[in-house]
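A.B. asks: Dumping the structure here so I can ask a few things about it.
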Amino acid sequence: MRLGLSEILHTPGASISFSESVDLSDLQFGTCNPVTEPVVISGTVRNTADVLMMKGTITTVIHGVCDRCASDFTQDLEIPVDVVLVEELSNEDSEDEWVFPLEADAANLEEIVRTVFVLNLDSKLLCSPDCKGLCCRCGKNLNDGPCSCEKEIDPRFAALRQLLNK
Ligand SMILES: [Zn+2]
Ligand SMILES: [Zn+2]
């Protein structure tokens, strides 16, 4: 998916608005592919003093399996995009993950979406940020309420209690 920018490449102040969808269904995360729906990127590329700035938003819905409680969940995702497009990457630029090179005067939208997406995705997929997970003893989903297991006793106290019981 390419966004042609030759019209604004050398015209300070000019801008192009766009809205495209990208397929990231092959993106693997842990053991699942959570991005089964199209990923829409929309925004504007503006030539600001001969620097091309892309600002916009990536939106999609992800269908994941929670890393803590193993339930399926659906989550709306909205990620801001704020990147710089350059005709050629300098050495410094190549270390900056928010700078992308143009390919034949066009932005490679798929590469931008993929990079921004991966950088913004948390290392764990969770049904909610405060998911309580499963009890490690009885396996109950603690989001549905506490289980009846005894609280884990610190092994040092357990040893002490054994001594006292003798
Ligand atoms: Zn969960
Ligand atoms: Zn339990």
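The values are calculated or read from the model by the stated rules, or taken from the named source; none is laboratory data. Predicted, not measured: the structure shown is a model, and the values here were computed from it. Heads up, the Cβs are rebuilt from the backbone with ideal geometry, glycines too, and the neighbour counts pull from every protein chain shown. Remember, those area values only see protein heavy atoms, side chains included, never the ligands or the DNA or RNA. Shrake-Rupley method; radii C 1.70, N 1.55, O 1.52, S 1.80 Å.
A.B. asks: Simple spin-label model, 7 Å along Cα-to-Cβ: SER148 to ALA106 in nm?
C.D. replies: Using points 7 Å along Cα→Cβ, the separation is 6.5 nm.
A.B. asks: For the stretch 1-79, which GluC sites (Glu not before Pro) pass both filters: DSSP loop (anything but H, G, I, E, B) and at most 13 other C-beta atoms within 10 Å?
C.D. replies: Numbers: sites: GLU7, GLU20, GLU78; in loops: GLU7.
Those satisfying the criteria are GLU7.
A.B. asks: Obtain the nm distance between the two label points defined at THR57 and LEU77 by a simple spin-label model: each point lies 7 Å from its Cα along the Cα-to-C-beta direction.
C.D. replies: In this crude label model, THR57 to LEU77 measures out at 1.6 nm.
A.B. asks: For the chain, what's the relative contact order in percent, using C-alpha pairs closer than 8 Å and at least 6 residues apart?
C.D. replies: On the way: 281 pairs, mean separation 31.1, N = 166.
About 19 percent, as a whole number.
A.B. asks: Moving on to the next point. Express the accessible area of the stretch 77-134 per residue in Å², computed with a 1.4 Å probe while the remaining protein chains stay in the model. Write down the numbers at each step before the final one.
C.D. replies: On the way: 3410 Å² over 58 residues.
Per residue, the stretch 77-134 has 59 Å² of solvent-accessible surface.
A.B. asks: Name the long-range amide H neighbours of ALA106: under 5 Å, sequence gap of 5 or more, or other chain; modelled H, no Pro or chain starts.
C.D. replies: When sequence neighbours closer than 5 places are left aside, the close amide H contacts are LEU5.
A.B. asks: For the chain, find the longest principal axis of its Cα atoms and tell me its angle to the long axis of helix 109-120, 0 to 90°, nearest 10.
C.D. replies: Computed tilt is about 30 degrees.
A.B. asks: In the chain, carbon and sulfur make up what percent of the accessible area (probe 1.4 Å)? It would help to have the intermediate numbers written out before the result.
C.D. replies: Numbers: 5190 of 10500 Å².
Of the solvent-accessible surface of the chain, carbon and sulfur hold 49 percent.
A.B. asks: So, one more: Starting from the Cα gyration tensor of the stretch 63-123, take the square roots of the eigenvalues, sort them a ≥ b ≥ c, and report rounded, prolate or oblate (rounded when a/c is under 1.5, otherwise prolate if a/b is larger than b/c, else oblate). Don't skip to the answer; put the middle values down first.
C.D. replies: Values: a/c = 3.77, a/b = 2.57, b/c = 1.47.
The shape class here is prolate.
A.B. asks: Whole Å is fine, so just give me how far the alpha carbon centre of the stretch 78-100 lies from that of the stretch 38-76.
C.D. replies: Taking the Cα centre of each part, the stretch 78-100 and the stretch 38-76 sit 17 Å apart.
A.B. asks: Of the GluC sites (Glu not before Pro) in the stretch 83-122, which ones lie in a loop per DSSP and count no more than 13 other C-beta atoms within 10 Å? Write out the running numbers ahead of the final one.
C.D. replies: Working: sites: GLU87, GLU88, GLU92, GLU95, GLU97, GLU103, GLU110, GLU111; in loops: GLU87, GLU88, GLU92, GLU97.
Of the GluC sites (Glu not before Pro), the ones in loops of the stretch 83-122 whose Cβ has at most 13 other Cβ atoms within 10 Å are GLU87, GLU88, GLU92, GLU97.
A.B. asks: Counting pairs on different chains as well as pairs 8 or more places apart, how many Lys pairs in the chain have Cα atoms under 22 Å apart?
C.D. replies: For the chain, qualifying lysine pairs total 5.
A.B. asks: What percent does the relative contact order of the stretch 1-78 come to when contacts are Cα pairs within less than 8 Å and at least six residues apart? Write out the running numbers ahead of the final one.
C.D. replies: Working: 147 pairs, mean separation 19.6, N = 78.
Normalised by residue count, the contact order of the stretch 1-78 is 25 percent.
A.B. asks: I would also like to ask the following. Per residue, how big is the convex hull of the stretch 22-154 when only Cα atoms are used? Give it in Å³. Kindly include the intermediate steps, with their values, before the conclusion.
C.D. replies: On the way: hull volume 19.8 nm³, N = 133.
Each residue corresponds to 149 Å³ of Cα convex hull volume.
A.B. asks: Counting only helical runs of four or more DSSP H residues, what would the 222 nm mean residue ellipticity of the chain come to if each run contributes -39,500 (n - 2.57) and the total is spread over all its residues?
C.D. replies: Details: 2 runs with 23 residues, N = 166.
One gets -4000 deg cm²/dmol as the mean residue ellipticity at 222 nm.
A.B. asks: Now, a different point. What angle, in degrees between 0 and 90 and rounded to the nearest 10, separates the Cα long axis of helix 155-165 from the longest principal axis of the Cα atoms of the chain?
C.D. replies: That works out to roughly 10 degrees.
A.B. asks: GNM, the chain, Cα, under 10 Å: largest mean-square fluctuation among VAL113, VAL45, VAL99?
C.D. replies: Judging by the Gaussian network model, the answer is VAL99.
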